[in-house]
Each structure stands twice: as structure tokens, then as C-alpha cells.
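The values are calculated or read from the model by the stated rules, or taken from the named source; none is laboratory data. In this text, all values refer to a predicted model and were calculated from it rather than measured experimentally. Here the Cβ is made from the backbone with ideal geometry for all residues, glycine too, and neighbour counts use every protein chain on show. What goes into the accessible areas is simple: the full protein's heavy atoms, side chains included, and nothing from ligands, DNA or RNA. Shrake-Rupley method; radii C 1.70, N 1.55, O 1.52, S 1.80 Å.
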Amino acid sequence: MSNAQPLLRIRDLNAWYGESHILHGIDFEVNRGEVVSLLGRNGAGKTTTLRAIMGLVPQRVGSIAFEGTEIGAMKPERIARRGIAYCPEERGVFASLTVEENLMLPPVVQDGGLGLDEIFELFPNLEERRKGASGARLSGGEQQMLAIARILRTGAKLLLLDEPTEGLAPVIVHQIGASVERLRERGFTILLVEQNFHFAARLADRHYVIEHGRVVERFARGDIRERMGELYELLGV
Amino acid sequence: MQELLGIPSPLLFGQLLIGLINGAFYALLSLGLAVIFGVLNVINFAHGALYMMGAFVAWLLLTYLGIGYWPALVVAPLIVGAVGILIERTMLSRLYDLDHLYGLLFTFGLALIIEGTFINFYGVSGQPYAPPQVLTGGYNLGFMFLPAYRGWVIVASLLVCFGTWLLIERTRLGSYLRAAVERPDLVRAFGINVPLMMTLTYGFGVALAGFAGVLAAPLYTVSPIMGQNLIIVVFAIVVIGGLGSILGSIVTGLGIGLIEGLTRTFYPEASSTVVFVIMAIVLIIRPHGLFGRPRE
Ligand SMILES: Nc1ncnc2c1ncn2[C@@H]1O[C@H](COP(=O)(O)OP(=O)(O)OP(=O)(O)O)[C@@H](O)[C@H]1O
Ligand SMILES: [Mg+2]
């Protein structure tokens, strides 16, 4: 079995919203079992990159290979069924669905997803809120947990998490960090978009910095300490 | 003779019954419109024409193939639904990326074409369609006489409305639909084929109209223009109930039918305008409708 082939390999990805050219040739890869972060300032194109991988940006060109198969021209539903799952920045918890319906919404696409008992072990708060009448009644932190939890059932191997800590209290951020750690141990591959650099630094094996729709720098976990200054400058922290 | 509020009670109950029957049709039709609008974001102006098509298909099945009411009650909605699926796949789905107005104008034009075609072949005078044998009699309820077929129309449409509500609010498929109303992109990103769901939803929504058409065939004459008058009122009801609300469209449909019935009893001159008066009041007080949620 060859591990040389990355799970996700992106080459020269360009994307547009109408007339505006947002991604200008993104290149990066994610290996099996890794946690990789995409860092960058507001509007750099991180969310657009995740949406393009998911097939949600209609105007895109370039190569997106998942497990060696080109998925760059596929429709979102087909991409999802190959084993990629997406947790959007705005969380996308459905107000017209109960908490349980939200949790059970994404269909199982492959074997090997988490069972409900494992999910509730990761996110005990969700078990308490399970009978809730509407996803919209949950707190921000609970909504974030729900948005992550529901994609763990599906058997997807690659999780795209867009700013899972945005706007959350430190204690919740900590809990989500612990969950991501557990998911890595469980064998998930995770592509994490973050503004919270300290959160990403603790979890990710490698980091890519995106600026104006290009990958401008890459850091391995070990580099971070000595290249801190450089990184802070890029991120404008 | 018994009287209620100065009105002979058989007259009052008779009018309420007619109101309830009209309400049953309003509910079926506005329910279809609400489902279609929710999932496709299309205001389906062809709804009245497809209701008429349902009645006509029942009449054609009987006249040319000898297929009676009961099979037609299933077959005609299926045929209308299939026509809807064809319309959505070949034409309507091409308009989703454009402004909503295109969908509205398209379905409006489609209604004219469908009705024009039927008028061309069958004229506007209308064809009679007899109710099935078992439903020809009636029941004396003591306070009024209930023709069996009218009772059946109320029961059948309530069952179908309730079944649709259950399907949408209480099943897994329904949770896909509700989620797709909120965030179709995200639902697709979970691996659910939303474009297919939109096609089937349009087919289902117009099949409801076709079903209403078959129910209506024995009550009114089957004519190419039977949908025109009805659909205006149904659109007013959709505005009153709030676009996109499933329960709202059912309750409002029945309620407006009853209010029309009462108006016909107590102030007949206003019976055909009362729905528009209510619509105007609702628009002033609650522009997003009684059951609708304001849109951002
Ligand atoms: N739907 C859209 N239509 C037009 N332009 C958009 C759209 N979504 C994003 N953009 C623009 O694309 C650029 C990249 O946006 P994107 O959301 O990918 O940034 P980001 O890196 O995720 O930023 P943030 O950290 O604020 O979430 C921004 O300039 C943004 O204004
Ligand atoms: Mg973003």
C-alpha cells in the first residue's frame, strides 16, 4: 500500500465569484491522517478554497485530486459521496430541523463513521440537547459542536472545518480542540481553516498561509517556534 | 324552521359546507404552491392550469378509455406529476440561476399555453363528469343534508393535506426538504441530490393540483378555464398564509373557505371579495403572512 500519494492534492486552483477572481492558483496537499491548517487574513480566500473543494463554487478550474481521483469538475453531492465532509464557517445548523434531525441529516456515505454513542462521548452537551425542538435554539458553542458532530457519522475520511472556534468562549474552544485531537487519533484527516492561530498551532501538523488567493508560505509544526516573527507578520497578528 | 342568528340553520350549514369544500380545494392548491415555492423558489403560476389538466385527464380517461373515477384519482395525478417533471427538467430548471421573475413569467406563459391548447380542442363550455356510483346519495345529519360526494371531497383532501404535512414535518425525506429550503448548497455538500429533489418536488406539487382537479371534476363542469378563477383566490390565500408555510397554507385555505361561506350567508354581496379584503388587511398588519417568517 502506497502512502506516497496524498489524500488530497490541489494544483493551480482558480476560482471566481462572478467577475471577481478570488483564487489565483492554490497549491497544497493533505496526507492521510494529517491535520493541516489554512491560515490567512480576512478575505484571503480560505473559505472559498474549502467551498471549491466541496464543489460549491461553480466557477473553478484547476486540479483537485482526492485519493488520486480528479474531483475538480464533480457536483457537490458526488464529491461528498466520495468521502469529504464540510463544516461551514457559519455552521449551517438548520432552524426548521430538530436537534436530532440536524444530527441525522447527512446520509452515511461510507463505512467507518462514528456511532451516536461515540459522538455523544465527544460532545456530551449534545446528548442533553438531543430532544431540542429547533437547531436554532442551541447556543453558539452547541451549534458548532452539532455542525461538527453531524459530519462524523457519515464515514467521510476528510473533514473540512471552517473556523470552528470563531466567536466561542475559551472553555468551548478548548473542548473543540480536544475533540479534534480525538478525531485525529481516530484516523480522520482534517483540513482546518483558522483565524485563531494558537488553536491551529496546537493541533496542526502543517500550516499553509493564504494571501490574496495564493499559498504564500508553508510551515511545519517544528518550524513554528523559530519562524514566529515571520508568521505573525503574514497574519498581521 | 330552526334558526341561528336569524338565518335558517340549513341555509347556514349549507353555506358552511360549500365554504368547507372550497376551502378543501384552496388548501390542496395552496399547499402545492407552498411546497414548490419553498424548495424551488418558484411561484408556480401554472398551478391552476395543471389543476384543470387533472380534471381533464380524468374526463379523457373516462371518455376514451373507459377508465373510471377511482383509478383516475390515482392515474390522473401521476400523469400531471409526470408532465410537471418534464416541465421542470426541460425548461424550469434552466431558470434557477436567473432572477425569480423569470420563473414566474415562464409558468405564467405556460399556463396560457396549456389552457389555450385545451380551449382549442374542447372549447370553454365544459364537460360533465358524473360522481362515482357509491357516492351519489347523501346523509341526513339532522341539521342539514350532506351529499356523499361532498363529504368525500372534504375527507379526501384533508387526508392528503395531513399526509403531506406528515411527510414533510415528520420523515427523514421531509427533513431533507426542509433543510434544502434553508440551505440547498449545504444539503448538496452532504451528498444529497438536491436538483433531483427539486424535480420531484415540482412533480409532487403539481400532482396535488392534479388530484384536486380530479376531486373537482364531478362537482364543477370540466372546462379549460376552471383553474383560472380558482387560482386567483388561491394566490390571495398564499399571501394571507405566508409563502412557504406548509401548515399555514392548509389552515388558511380551509379558514378562508369557511369565511367565504359565512360571508355568503350574512352579506352575499361581499362573498367574492372578502378574501381580497382580508389579504389587504394582512398585508398591512403582517406583510409576511399569518404563518410566514420574514425573509432577510
Ligand atoms: N459569494 C461571494 N460573492 C462575491 N465575493 C465573495 C463571495 N464570498 C466571498 N467573496 C470574496 O472573496 C474573497 C475571499 O473570501 P473568503 O470568504 O474565501 O475569505 P476568508 O479567507 O475565508 O476570510 P475570513 O477569514 O474572513 O472568513 C473576499 O474578498 C470576499 O469578499
Ligand atoms: Mg472564511
Tell me whether segment B:33-45 contains one or more residues that are of a type in the set (G, A, S) and under 30 Å from B:P147 (Cα atoms). no
Any chance you could count how many residues in segment B:4-25 are open to solvent by less than 20 Å² (accessible area, probe 1.4 Å), of a type in the set (A, V, I, L, M, F, W, C) and within 15 Å of the chain's Cα centre (by Cα)? 3
Any residue that is in a helix (DSSP H, G or I), within 14 Å of chain A (Cβ to nearest Cβ) and in contact with a helix residue (DSSP H, G or I) (Cβ under 9 Å, 6 or more places away or on another chain) - is there at least one of those in segment B:145-165? yes
Against the condition among the aromatic types (F, W, Y) and touching a residue at least 24 places away in the same chain (Cβ under 8 Å), how does A:F199 come out, does it pass? yes
Taking B:P184, is it closer than 30 Å to A:T48 by Cβ, out of contact with any Lys or Arg (no Cβ under 6 Å at 6 or more places or on another chain) and open to solvent by 50 Å² or more (accessible area, probe 1.4 Å)? yes
Do any residues in segment B:237-248 that are at positive phi have Cβ atoms under 9 Å from those of residues that are part of a helix (DSSP H, G or I) and of a type in the set (D, E), where the two are at least six apart or on different chains, and which pairs are they? none
Yes/no for B:S223 being surrounded by fewer than 22 Cβ atoms within 10 Å (Cβ to Cβ), at pLDDT 90 or above and small (G, A, S): yes
Those residues of segment A:54-86 which are within 23 Å of A:E181 (Cβ to Cβ) and within 16 Å of ligand 2 (Cβ to nearest atom) amount to A:Y86
Filtering segment B:208-220 down to residues that are in contact with a Pro (Cβ under 9 Å, 6 or more places away or on another chain) and surrounded by fewer than 24 Cβ atoms within 10 Å (Cβ to Cβ) yields B:P218, B:L219
Being surrounded by fewer than 21 Cβ atoms within 10 Å (Cβ to Cβ) and in contact with a strand residue (DSSP E or B) (Cβ under 6 Å, 6 or more places away or on another chain) is the filter; apply it to segment A:61-81 and report the residue that is nearest to A:G187 (Cα to Cα). A:A65
Of the residues that sit in segment A:9-53 and are among the β-branched types (V, I, T) and open to solvent by less than 10 Å² (accessible area, probe 1.4 Å), which one is nearest to ligand 2 (Cβ to nearest atom)? A:T49
In this structure, is A:L56 open to solvent by 10 Å² or more (accessible area, probe 1.4 Å) and touching a Pro at 6+ places or on another chain (Cβ under 7 Å)? yes
I need the full set of residues from segment A:101-115 which are away from chain B (no Cβ under 14 Å), modelled with pLDDT of 90 or more and open to solvent by 50 Å² or more (accessible area, probe 1.4 Å), in order please. A:D111
Select from segment A:186-201 the residues that are assigned to a loop (DSSP other than H, G, I, E, B) and open to solvent by 40 Å² or more (accessible area, probe 1.4 Å) and write down the one among them that is farthest from A:K46 (Cα to Cα). A:R186
Among the listed residues A:R32, A:R41, A:R91, which satisfies the condition of being away from ligand 1 (no atom under 15 Å from the Cβ) and of a type in the set (K, R)? A:R32
Do we have A:G155 as part of a loop (DSSP other than H, G, I, E, B), within 14 Å of chain B (Cβ to nearest Cβ) and away from ligand 2 (no atom under 16 Å from the Cβ) here? yes
Does A:L183 satisfy the criteria of being within 17 Å of the chain's Cα centre (by Cα), open to solvent by less than 40 Å² (accessible area, probe 1.4 Å) and on the phi < 0 side of the Ramachandran plot? yes
Which one is nearest to ligand 1 (Cβ to nearest atom) among residues in segment A:176-205 that are touching a helix residue (DSSP H, G or I) at 6+ places or on another chain (Cβ under 7 Å) and of a type in the set (D, E, K, R)? A:E194
Report the residue count in segment B:85-116 for those that are polar (S, T, N, Q) and touching a residue at least 12 places away in the same chain (Cβ under 8 Å). 2
